[in-house]
Structure formats: C-alpha cells, structure tokens
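The values are calculated or read from the model by the stated rules, or taken from the named source; none is laboratory data. What you see is a predicted model; the values in this text were computed from it and never measured. So basically every Cβ, Gly included, is an ideal-geometry build from the backbone, and we count neighbours across all protein chains shown.
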Amino acid sequence: MNDDTGRYPLKLEGDNIPMVSFRNVTKKYGDLTVLDRLDLDVAPGEMVTIIGPSGSGKTTVLRSLMTLETIDGGVIYVDGEPLTHMEKGGKLVRANQRHLRRMRAKIGMCFQHFNLFPHMTALENCMEGPVQVLGLPKDEARERALELLGMVGMSEKSDQHPSRLSGGQQQRVAIARALAMRPSVMLFDEVTSALDPEMIGEVTNVIRSLVDQHSLTMLMVTHQMGFAREISDRVCFFYGGSIEEQGAPATIFETPEKERTQQFLSAVLQAN
Amino acid sequence: MSYLEFLGNYSDRLIDGSLITLLQFVLAALVAVAAAIISGLIKLAQLKPLQAVATVYIEIFRGTSLLVQLYWFFFVLPLLGVSLEKFVAGFLAVGLCYGAYGAELVRGAIQSVPRGQWEAALALNMSPAQRMWRIILPQALVIMLPPWGNLMVEILKGTALVALISVPDLMFEARQINNNTYLSAQAFGTALVIYYIFARFVVTPLMRWLERVMARRIGRA
Ligand SMILES: Nc1ncnc2c1ncn2[C@@H]1O[C@H](COP(=O)(O)OP(=O)(O)OP(=O)(O)O)[C@@H](O)[C@H]1O
Ligand SMILES: [Mg+2]
C-alpha cells in the first residue's frame, strides 16, 4: 500500500457524515487494477445500486466493504470511522483483526449463491451469528430469528435444511440471517442472478420491503435494470473500476450523459 | 484333534487376544483421529514453525514402515530415556502412523469446503476459530468420513503388528498356540476369520452408520 494515508482524516466529522465512504480506493490483482481511485459516498438510509459491465469491479466494491478483500490504496470509512484502517499514534495504519471485527459488526452481506450453512436448519442459520457472535441467549436469538423468517415469508420452513429449500427460499433465509445481526449497512451482490425467473419476485419483494423501512443503508449490485430503477435512490454506473456516471434512476436510465452509459444500457435493454 | 476340540482348548486365549486387539484398535483409532486433526489443521494454518513440525511428522510416518516405527517406539525410545509400556507403545505407534495418512484426509476435506462458506461466516463476523469449528469442520467431516472408513479398517489390520513387541493381542495368541501345538491352519485360520469379522461386521457398519448420521445432520438424507 502507498504510504499516503496521512492525507485522509482519522474520522469523518461534520453534519452529513456518510454511512459509507470510499476515498480514493484502489484495488489491484497483480497488474490488473480492479478499483481505480474510487470515490463513493452513501448516505444513511440510502439505497444505492451499482450497475455496469462484467469485470468493472462491482463485486469488488462490496467485498472490500465486507472486508473479504484488502484494498491497495485509499481508505474506506463506515459510519464516520475508518474501516480498512485504524488510528495509531495520530496516524492511520492498516486495520488489525480486532479493529476489523469491531467494524464488521456494522455490515451484512448477501451473496449470489446464498452460502447458507448446509448443516443447519433455516432457523439455526439465523441464530448462529446472534448466539455465537453477539452472545445473545438462545431463546432471544430464536425469537429474533423467527421474527425475521416471518418477515421474509419463511416461518413455515424454519426447521428445514437448505438442501430442502428452493433457490428463492434459500436467498430469503440468507437475507434474514444477515439481518439478524442488525447491521447498519446491507450489501446485496446479484442476489437474484442464480435464481429461476419465477423466484426472482419473492426475493425482490423482500428487498423492496427493506427499502420501505428507510432505516438500512443498502448497496446493491444487480443486472435487473427495472428493479434498480424502481427502488434505488441513486444508481452508479461502473466502468473500469470507478464510477463513470451516477445520479437519480430516472436520469441514468432515461437521459444518461456519458456515451459508455448509453452503450451499456442499450446493450442490456436489447438483451432483454 | 478336531476343530471343536481346538476351540474348546484355546477359545479363552483367542477371546482374550481378540479383546486386546479391539482395545488396541479403539485406542489407536483415537490417537489417529487426534493426530490427524491436529496436524491437518496445523498444515492449513499459516504458522510456519508448527507447519514444519507437522510436515516432518507426516513425512516420517507415511514414508517409513509401521513395523520399524513400532520397534523404534519400543526398543529405541528407551535408549533415549523414554520408556513406554509395550501396550502403550503398540497403539501409539499404530495410531500415529495412520494419523499421518488421516492428516491428508483432514486437510483435503477442509480445503474442499466451498469458499463461500468461509465468506458467509466472516460476513457474520465469526472469529477464525468459530468459522473453523462451527462452520467448516462439520462439513469437512461429512466429506472425509468415507475415506476414514477405509483407514479404520487399515488401523484394525495394522494392530496385528503389535504382536511383534509381545502385546498379547489376537495375532500374538495365535502365534503362541501355533508354537505350542503346530496347529497352524486352525490357529491362523481362526485369527483370519476373527479379523475379517471385526473389519466387515463391526468397523465397517459402524463407519457407515456414522456416515448416515452425519449426512442426515447436514440435511442430505
Ligand atoms: N481473486 C481474484 N484474482 C484475480 N482477479 C480477480 C479476482 N477476483 C476478481 N478478479 C478480477 O477483477 C475484475 C473485477 O471483478 P468483479 O468481480 O469486481 O467484477 P464485477 O463487476 O462484479 O463483474 P460481474 O458482473 O461479472 O460479476 C475482473 O476482471 C475479475 O476477473
Ligand atoms: Mg460480480
């Protein structure tokens, strides 16, 4: 990492602190630059959708925020505090495991392939984090899990193992599992891409209901342009590891300014 | 002497020997499982000095003969100041030898648990130890149980070598009977059948049952 962290604040201060802030973030795999000096702020309660061609770094944005990847330059802040770094002697240094664990508590993530734990029932999947990580008593964790499984319409299947559930059902349980940790920020990486068409609606409905509650900050990567347009506060079009164009959904989808955005959208719309 | 008479005369000794064999097997199996899990985990962790120890252990025990290892434990270690009861030297040598094979099964099984499971556990903010013990190992166990079934039979058969350091197991008794009576066919024939029964009707069904139980717990059955 370039030792240039001196120019980043130790903490974000002021009136409108973003919930998530990427400052000049760079991520490389060998010679390949996947995130290229990315700046991205997400306000508390905001739903931001990331669209863009394959390989443009959309997934990497979410994985960096979940601390599944380390970044090579810049700083990510969550809730005003540095996530990828921590303060030491008045300077920002790379975060240690303890700092990462503390900060990770604010973030939840849902994956394209659900990644439910196959050796646990739906209910146990949703209780695992609250009991093991948050230290909740079992009955309290069960109550919380059942409430969330109810919210995603999975009460009836709470005793089933993932292998007995359809893709749409598994993804709904995965959303409940992430929410059971009470994160401030939720990340959705193409959560409907692995689903049969008839199951997409049941998952998007759950996300829609989360948007309606206005309490969660959400970052979503999707190829479903109609859904992105309908529920996003803001759409970011990624190209080559940074934001080529962003704005209100109506603006991006109807009157995009950049040529690459226009090309991408017309290609996607043609494909549909 | 008819075979019935033979059994009448020597069944006590054969039964005693069989019990010792079973005991050697159970203890050797426990040693093997413990050694396999510990050295398999160490090989996966990024702990360089410990990793070297695990590698040396696996290489030595897989690369040399069990009989030679057994003699080392019983005849050479005392010269280095470590004296073991022959009974302990027996199951320890057998267990450590097959544990070195088991280590590779543990390592392979853990590595074949999909990456997404680690990532989901990390996204729930689980600690590295919680990720391993609560998420990865239970799934790895289901993957590695079938090859462990074979290894268990190997361990059972391997225990026959402890007779060579005079642990009074089934093989030891059969040899004694043979030395005293020259009834080789009866003595070794009976031992053969008993080993077969243990392997085929005790160890294998037990492992199959474990496989089924674990598969059910993971929701596959
Ligand atoms: N572990 C890795 N090692 C090397 N290269 C990687 C790795 N992970 C991702 N990449 C590369 O980084 C680039 C960005 O990947 P990323 O997954 O963020 O793209 P994406 O925008 O999500 O694409 P898609 O729409 O196909 O999911 C791609 O070129 C990808 O091949
Ligand atoms: Mg992606």
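For region A:90-144: of the residues being under 30 Å from A:G73 (Cβ atoms), more than 16 Å from ligand 1 (Cβ to nearest atom) and touching a helix residue (DSSP H, G or I) at 6+ places or on another chain (Cβ under 6 Å), which is nearest to the other protein chains (Cβ to nearest Cβ)? The residue in question is A:G108. Check region B:120-141 and report whether any residue there is more than 14 Å from chain A (Cβ to nearest Cβ) and either modelled with pLDDT under 95 or part of a helix (DSSP H, G or I) (or both). Within region B:120-141, not a single residue is more than 14 Å from chain A (Cβ to nearest Cβ) and either modelled with pLDDT under 95 or part of a helix (DSSP H, G or I) (or both). Applying the set (1) over 16 Å from the mean Cα position of the chain (by Cα); (2) within 14 Å of chain B (Cβ to nearest Cβ) to A:V152 leaves exactly one unmet item: (2).
Among the residues of region A:162-174, those identified as assigned to a helix (DSSP H, G or I) and more than 12 Å from chain B (Cβ to nearest Cβ) are A:G167, A:G168, A:Q169, A:Q171, A:R172.
Under 30 Å from A:L187 (Cβ atoms) and either in a helix (DSSP H, G or I) or within 17 Å of the chain's Cα centre (by Cα) (or both), is that true of B:G99? The answer is no for B:G99.
Determine whether region A:35-48 contains at least one residue that is within 11 Å of ligand 2 (Cβ to nearest atom), under 28 Å from A:V268 (Cα atoms), in contact (Cβ under 8 Å) with a residue 40 or more places away in the chain and among the aliphatic types (A, V, I, L, M). Scanning region A:35-48 turns up no residue that is within 11 Å of ligand 2 (Cβ to nearest atom), under 28 Å from A:V268 (Cα atoms), in contact (Cβ under 8 Å) with a residue 40 or more places away in the chain and among the aliphatic types (A, V, I, L, M).
When A:N125 is tested against (1) in contact with a Leu (Cβ under 7 Å, 6 or more places away or on another chain); (2) within 16 Å of ligand 2 (Cβ to nearest atom); (3) of a type in the set (S, T, N, Q), just one condition goes unmet, and that condition is (2). Consider region A:244-272. How many of its residues are closer than 18 Å to A:D41 by Cβ and either within 16 Å of ligand 2 (Cβ to nearest atom) or exposed (fewer than 14 other Cβ atoms within 10 Å of the Cβ) (or both)? So the answer is 1. In summary, B:A93 fulfils each of the numbered conditions (1) within 14 Å of chain A (Cβ to nearest Cβ); (2) in contact with a Leu (Cβ under 7 Å, 6 or more places away or on another chain) with the single exception of condition (1). Taken together, B:G102, B:G81, B:G149 contain a single residue that is in contact with a Phe, Trp or Tyr (Cβ under 8 Å, 6 or more places away or on another chain) and either away from every other protein chain (no Cβ under 14 Å) or farther than 30 Å from A:R98 by Cβ (or both), which is B:G102.
Does region A:26-37 contain at least one residue that is surrounded by 14 or more Cβ atoms within 10 Å (Cβ to Cβ), in contact with a helix residue (DSSP H, G or I) (Cβ under 7 Å, 6 or more places away or on another chain) and closer than 19 Å to A:M218 by Cβ? So far as region A:26-37 goes, no, none of its residues is surrounded by 14 or more Cβ atoms within 10 Å (Cβ to Cβ), in contact with a helix residue (DSSP H, G or I) (Cβ under 7 Å, 6 or more places away or on another chain) and closer than 19 Å to A:M218 by Cβ. Could you please let me know if B:W133 is surrounded by fewer than 17 Cβ atoms within 10 Å (Cβ to Cβ), within 26 Å of B:K43 (Cβ to Cβ) and aromatic (F, W, Y)? Yes; evaluated as a whole, the condition is true for this residue. When restricted to residues that are surrounded by fewer than 16 Cβ atoms within 10 Å (Cβ to Cβ) and of a type in the set (S, T, Y), region A:38-74 contains 2.
Sort out which residues of region A:196-224 are within 16 Å of ligand 2 (Cβ to nearest atom) and under 12 Å from the mean Cα position of the chain (by Cα), and write them in order of number.
Kept after step one, since they are within 16 Å of ligand 2 (Cβ to nearest atom), are these residues of region A:196-224: A:219-224.
Once the filter is applied, which keeps residues that are within 16 Å of ligand 2 (Cβ to nearest atom) and under 12 Å from the mean Cα position of the chain (by Cα), region A:196-224 yields A:L219, A:M220, A:V221, A:T222.
Of a type in the set (A, V, I, L, M) and more than 8 Å from chain B (Cβ to nearest Cβ), is that true of A:L179? The answer is yes for A:L179. Filter region A:176-199 down to the residues that are assigned to a helix (DSSP H, G or I) and at pLDDT below 95, then identify the one that is farthest from ligand 1 (Cβ to nearest atom). The residue in question is A:E198.
Among the helices (runs of 4 or more DSSP H) confined to region B:160-217, the ones with at least 3 residues that are within 14 Å of chain A (Cβ to nearest Cβ) are located at B:204-217.
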